[in-house]
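First up is the structure itself, then whatever we jot down about it.
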Amino acid sequence: GESVGLHLPTLSVQEGDNSIINCAYSNSASDYFIWYKQESGKGPQFIIDIRSNMDKRQGQRVTVLLNKTVKHLSLQIAATQPGDSAVYFCAERGSSNTGKLIFGQGTTLQVKP
Amino acid sequence: ETGVTQTPRHLVMGMTNKKSLKCEQHLGHNAMYWYKQSAKKPLELMFVYSLEERVENNSVPSRFSPECPNSSHLFLHLHTLQPEDSALYLCASSQGWGEGDGYTFGSGTRLTVV
């Protein structure tokens, strides 16, 4: 069945370092991917998205990389700050005839001062 | 303000109670969703409404009953819940079902069933 997974449940980084959060997906027909950030007590917030016809997309301090060959998605955060501490989810849209997003389990990013 | 507002933020209810969760979106979106978020699990899709019609029901027990009176409002009616139903219930909306971009989420209702 469709599933989206993340490699590590927890990632701890030093403030100022770069963070890389990884995600593996299983449905090669997925055409759209999103990264969400969820802070304590809040709902998930959109960070960045990428469509399957792209390999890389950059935002402010964040970059998403998509490797369709190995069905791998990553989120890179440059110069990680304490405010980046949160749970990060990847999500995929499984097929073109449904808007359903399938979410991974989440990686908790801890930023050490 | 995310544009999606959920009330109440916290709810404690007994197993014999009936309560309702409310979601309102101010974004002009046509699709709305209920998700359940339990500890250590991925977000579980419960229901999808597109233009006020239910388009997906993910094998959710009948003790959860959704209602979508218009494209801006979504309710989740709860009755005779079980302790394992305790979770964060998230509402989300999107431009349209099967279209374009991702969801905008509310902050959720933290439900505790005692």
Can you pull out the residues in segment B:43-56 that are loosely packed, with under 13 Cβ neighbours inside 10 Å and in contact with a strand residue (DSSP E or B) (Cβ under 6 Å, 6 or more places away or on another chain)?
none
Quick one: in segment A:30-50, of everything that is within 24 Å of B:LYS36 (Cα to Cα) and of a type in the set (A, V, I, L, M, F, W, C), which residue is surrounded by the most Cβ atoms within 10 Å (Cβ to Cβ)?
A:TRP35
Tally of residues being surrounded by fewer than 21 Cβ atoms within 10 Å (Cβ to Cβ) and either among the aliphatic types (A, V, I, L, M) or at pLDDT below 90 (or both) across segment B:31-41:
3
List the strands (runs of 3 or more DSSP E) that sit entirely inside segment B:13-114 and contain at least 2 residues that are within 11 Å of the chain's Cα centre (by Cα) and at the interface with chain A (Cβ under 9 Å from one of its Cβ atoms).
B:31-37, B:44-50, B:87-94
Counted residues in segment B:60-101 being over 30 Å from A:ILE50 (Cβ atoms) and either free of Cβ contacts under 8 Å to residues at least 24 places away in the same chain or of a type outside the set (A, V, I, L, M) (or both) come to 21
Tell me, please, whether a residue that is surrounded by fewer than 19 Cβ atoms within 10 Å (Cβ to Cβ) and either within 14 Å of chain B (Cβ to nearest Cβ) or under 21 Å from B:TRP97 (Cβ atoms) (or both) can be found in segment A:67-76.
no
Looking at B:THR104, is it touching a residue at least 60 places away in the same chain (Cβ under 8 Å), surrounded by 15 or more Cβ atoms within 10 Å (Cβ to Cβ) and among the β-branched types (Val, Ile, Thr)?
yes
Can you find even one residue in segment A:76-85 that is closer than 27 Å to B:SER107 by Cα, in contact with a helix residue (DSSP H, G or I) (Cβ under 7 Å, 6 or more places away or on another chain) and of a type in the set (A, V, I, L, M, F, W, C)?
yes
Residue count, segment A:82-98 (criterion: surrounded by fewer than 14 Cβ atoms within 10 Å (Cβ to Cβ) and at pLDDT 95 or above)
2
Please tell me if A:GLY104 is facing chain B (nearest Cβ under 9 Å), touching a Phe, Trp or Tyr at 6+ places or on another chain (Cβ under 6 Å) and modelled with pLDDT under 95.
yes
Out of A:ASN27, A:ASN53, sole residue that is more than 14 Å from the chain's Cα centre (by Cα), modelled with pLDDT under 95 and loosely packed, with under 12 Cβ neighbours inside 10 Å
A:ASN53
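The values are calculated or read from the model by the stated rules, or taken from the named source; none is laboratory data. Since this is a predicted model, take the numbers as computed values, not measurements. So basically every Cβ, Gly included, is an ideal-geometry build from the backbone, and we count neighbours across all protein chains shown.
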